[in-house]
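Trainee: Would you mind keeping the following structure in view while I ask a few things?
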Amino acid sequence: MEHDTYHQLTLPAAMQAEIIAHAREGWPDEVCGILSGKDGAAISLVRARNVAEDRQINYTVDPQTLLRQFDFEEAGEEMIAIYHSHPSSAAYPSATDARQATYPDAVYLICSLQHPDAPVIRGYRLLPQPFDGRAADFPLQSVRGRDDFWAYQHPAPDAFYILHLMPPVGAPILLKVRIEEVALRP
Ligand SMILES: [Zn+2]
């Protein structure tokens with residue numbers, strides 16, 4: 001699929017403004033939505049409901065909105081991006097964002113309201129990688145004090161997360177998720 005090669009996303013200024021407006025309306029909760037597009041360019045934006053339990057620190061796009069992907073495909077488009085807001089943190093994927101990233105072909109847009117008068121939108125690809133490392137090789141830290149979710153964040157330019165998940169039943173899971181920034185152009 002040629003969109004694997006996209007390193008930039010055309011996101012018209014009006015659509016950036018719409019994402020920022022949505023983020024501000026939803027504050028202090030995180031908001032989310034999806035974008036259709038084609039050939040590396042966003043075409044339309046669909047606001048979603050954030051159905052996560054802890055909406056101030058997390059997001060989950062409601063299932064009905066995710067189904068719109070099939071409408072996009074019928075129109076010859078695709079779900080080119082998924083956006084969500086960070087009400088008080090930077091425009092960078094959190095360990096939880098990396099854990100929930102199930103669309104490697106989509107651009108994950110994050111709108112930060114950390115500085116309310118200067119909102120920032122950045123785009124990323126979140127790419128789960130085959131990985132056979134050992135948890136002990138990384139300085140893992142608990143994610144938000146949880147005892148079943150630990151993460152190590154490796155900085156750019158070779159940015160990735162190591163995620164260590166401890167399910168209630170079964171063996172711990174160790175995942176590597178590569179983070180590639182996608183340039184946005186209006
Ligand atoms: Zn996030």
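Each value in this text was obtained by applying a stated rule to the coordinates, not by laboratory testing. As the structure is a computational prediction, the values presented were derived from the model and not from experiment. Don't worry about glycine lacking a Cβ; one is built from the backbone with ideal geometry, like all the others, and counts go over all protein chains shown.
Trainee: What base-10 log of the normalised intensity I(q)/I(0) is obtained for region 36-115 from the Debye formula, alpha carbons as equal point scatterers, at q = 0.11, 0.13, 0.20, 0.23 Å⁻¹?
Mentor: Scattering profile of region 36-115, log10 relative to I(0): -0.30, -0.42, -0.95, -1.19.
Trainee: Provide Y83, Y124 in ascending order of the number of other Cβ atoms located within 10 Å of each residue's Cβ, fewest first. Don't skip to the end; give the middle numbers.
Mentor: Working: Y83 30, Y124 21.
Lowest to highest Cβ neighbour count: Y124, Y83.
Trainee: Moving to a separate point now. Of S88, G33, F70, which is farthest towards the positive pole of the chain's charge dipole, taken about the Cα centre with +1 and -1 on the beta-carbons of Lys, Arg and Asp, Glu respectively?
Mentor: My answer, from the dipole projection, is S88.
Trainee: For region 1-70, which chymotrypsin sites (Phe, Trp or Tyr not before Pro) are in a loop by DSSP, counting at most 13 other Cβ atoms within 10 Å?
Mentor: Numbers: sites: Y6, Y59, F70; in loops: Y6, Y59.
Within region 1-70, no chymotrypsin sites (Phe, Trp or Tyr not before Pro) qualify (loop, at most 13 other Cβ atoms within 10 Å).
Trainee: Hey, another quick one. Using just the Cα positions, wrap region 1-68 in a convex hull and report its mean projected area in square nanometres, one decimal place.
Mentor: Numbers: hull surface 21.1 nm².
Value for region 1-68: 5.3 nm².
Trainee: Can you compute the charge dipole magnitude of region 85-186 about its Cα centre, using +1 on each Lys and Arg Cβ and -1 on each Asp and Glu Cβ, nothing else charged? Give it in debye, rounded to the nearest 20.
Mentor: Numbers: 9 positive and 10 negative charges, 14 e Å.
Here the size comes out at about 60 debye.
Trainee: So how much slack lies between E53 and A159, counting 0.36 nm per residue of separation and subtracting their Cα-Cα distance, in nm?
Mentor: Numbers: separation 106, 0.36 × 106 = 38.16 nm, distance 2.85 nm.
Taking E53 through A159 to full extension adds about 35.3 nm, to one decimal.
Trainee: Please give the direction-averaged projected area of the C-alpha convex hull for region 135-186, in square nanometres with one decimal.
Mentor: Numbers: hull surface 20.3 nm².
Its Cα hull, projected and averaged over all orientations, spans 5.1 nm².
Trainee: Might you report the magnitude of the Cβ-based charge dipole of region 1-151 about its Cα centre, with Lys and Arg at +1 and Asp and Glu at -1, to the nearest 20 debye? Numbers along the way, then the final one.
Mentor: Working: 12 positive and 22 negative charges, 87 e Å.
For this selection, approximately 420 debye.
Trainee: Could I ask something else about it? Rg and Dmax of the chain over Cα atoms: what are they, in angstrom?
Mentor: In order Rg, Dmax, the Cα atoms of the chain give 16.5, 48 Å.
Trainee: Would you order I57, I19 from fewest to most other beta-carbon atoms within 10 Å of each residue's own beta-carbon?
Mentor: By the 10 Å Cβ count, ascending: I57, I19.
Trainee: Relative to the longest principal axis of the chain, what angle (0 to 90°, nearest 10) does the C-alpha long axis of helix 13-26 take?
Mentor: 60
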